Amino acid sequence: MNYTVNVISLDFVNAYLVKAKEGFLLIDTGLPNHRERLEKELLSAGCLPDTLKLIILTHGDWDHTGNASRLREKYHVKIAMHPGDVSQVENGVFLKRTVRPLLYKIFMTVRMLKRKLQKNTMSIPRFKPDILFFDNQRLDEYGLAAKVIHIPGHTPGSIGVLTDEGDLFAGDTFVNAKKPADARIVENPAQLKNSIDALREINIRNKGNIDGNEINALRDVGGRE
């Protein structure tokens with residue numbers, strides 16, 4: 001394997017620090033109140049301002065983007081995401097979405113109320129991404145043999161990062177609560193179904209030594225009939 005992965009657990013969100021031959025890539029960044037923990041993990045892994053090559057946001061929700069602009073300023077690194085979610089980070093647009101099933105909806109309602117209260121006590125920075133990624137765009141220039149896959153459904157601009165060795169980082173397209181499953185918060189159910197059907201046709205493996213929800217979820221979801 002030409003890369004290693006550090007899973008950074010930020011409560012309900014994971015960030016992934018991928019060490020490739022040209023340096024590090026960070027996939028997602030957590031909420032602003034996770035900043036200290038995130039930066040501590042980066043430092044512990046040896047990720048310094050001159051070695052962090054790119055921040056990739058799997059989608060525009062602020063629990064995944066909350067530290068991106070701060071890291072850009074501190075690490076002098078560019079932020080990349082799909083254009084479908086740019087309005088979320090530039091204008092603070094909040095998407096209307098379906099939550100399923102009922103018990104999960106109740107759980108998420110409580111969680112969202114808590115997050116709204118948190119948002120009143122912390123600043124959610126708005127920013128413009130530096131790079132727009134599209135379907136099948138390669139990441140070789142950043143030192144990682146991988147490509148971007150557009151997988152809309154959870155949000156219009158949700159993307160995954162699929163390495164040539166078959167590891168998938170898919171943001172909130174999947175959840176892994178009691179067991180891996182497809183997204184329970186959905187902006188467009190038809191798009192999500194199409195995205196997951198397309199992913200089932202791709203050779204994606206389950207990396208047992210990488211304990212990350214999004215990486216491990218697909219094989220279980222793909223085998224569920």
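The values are calculated or read from the model by the stated rules, or taken from the named source; none is laboratory data. Just so we're clear, the structure is a prediction, and the values are computed from it rather than from any experiment. Here the Cβ positions follow ideal geometry from the backbone for every residue, glycine too, while neighbour counts run over all protein chains shown. The protein model used for the area step is the full one, side chains on, heavy atoms only, and it has no ligands, DNA or RNA in it. Shrake-Rupley method; radii C 1.70, N 1.55, O 1.52, S 1.80 Å.
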Filtering the range 169-187 down to residues that are farther than 19 Å from I8 by Cα, part of a strand (DSSP E or B) and modelled with pLDDT under 85 yields A181, D182, I185
Note on the range 3-23: residues farther than 16 Å from F169 by Cα and not in a strand (DSSP E or B) are D11, K21, E22
Quiz item: Going by the structure shown, is D63 within 12 Å of the chain's Cα centre (by Cα), among the charged types (D, E, K, R) and at pLDDT 95 or above?
Solution: no
The condition from (1) modelled with pLDDT of 95 or more; (2) open to solvent by less than 40 Å² (accessible area, probe 1.4 Å) that Y104 misses is numbered (1)
From the option list P49, P83, single residue qualifying as open to solvent by 30 Å² or more (accessible area, probe 1.4 Å) and modelled with pLDDT under 95 is P49
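Each row is one residue, and each column tells you yes or no for (1) within 26 Å of R205 (Cβ to Cβ); (2) free of Cβ contacts under 8 Å to residues at least 60 places away in the same chain; (3) in contact with an Asp or Glu (Cβ under 7 Å, 6 or more places away or on another chain).
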position: N2; (1), (2), (3): yes, no, no
position: S9; (1), (2), (3): yes, yes, no
position: V13; (1), (2), (3): yes, yes, yes
position: K19; (1), (2), (3): yes, yes, no
position: D28; (1), (2), (3): yes, no, no
position: R35; (1), (2), (3): no, yes, no
position: L38; (1), (2), (3): no, yes, no
When the range 118-168 is checked residue by residue, the ones that are closer than 15 Å to N203 by Cα, in a loop (DSSP other than H, G, I, E, B) and open to solvent by less than 10 Å² (accessible area, probe 1.4 Å) are G166, D167
From the option list L43, L26, L38, L95, single residue qualifying as open to solvent by less than 10 Å² (accessible area, probe 1.4 Å), of a type in the set (A, V, I, L, M, F, W, C) and either in a helix (DSSP H, G or I) or at pLDDT below 95 (or both) is L38
query = Is it true that L71 is within 16 Å of the chain's Cα centre (by Cα), in a strand (DSSP E or B) and not charged (D, E, K, R)?
reply = no
Residue match in the range 56-78 (condition: within 22 Å of T4 (Cα to Cα) and among the acidic types (D, E)): no
Note on the range 188-225: residues crowded, with 19+ Cβ neighbours inside 10 Å, assigned to a loop (DSSP other than H, G, I, E, B) and modelled with pLDDT of 50 or more are I204
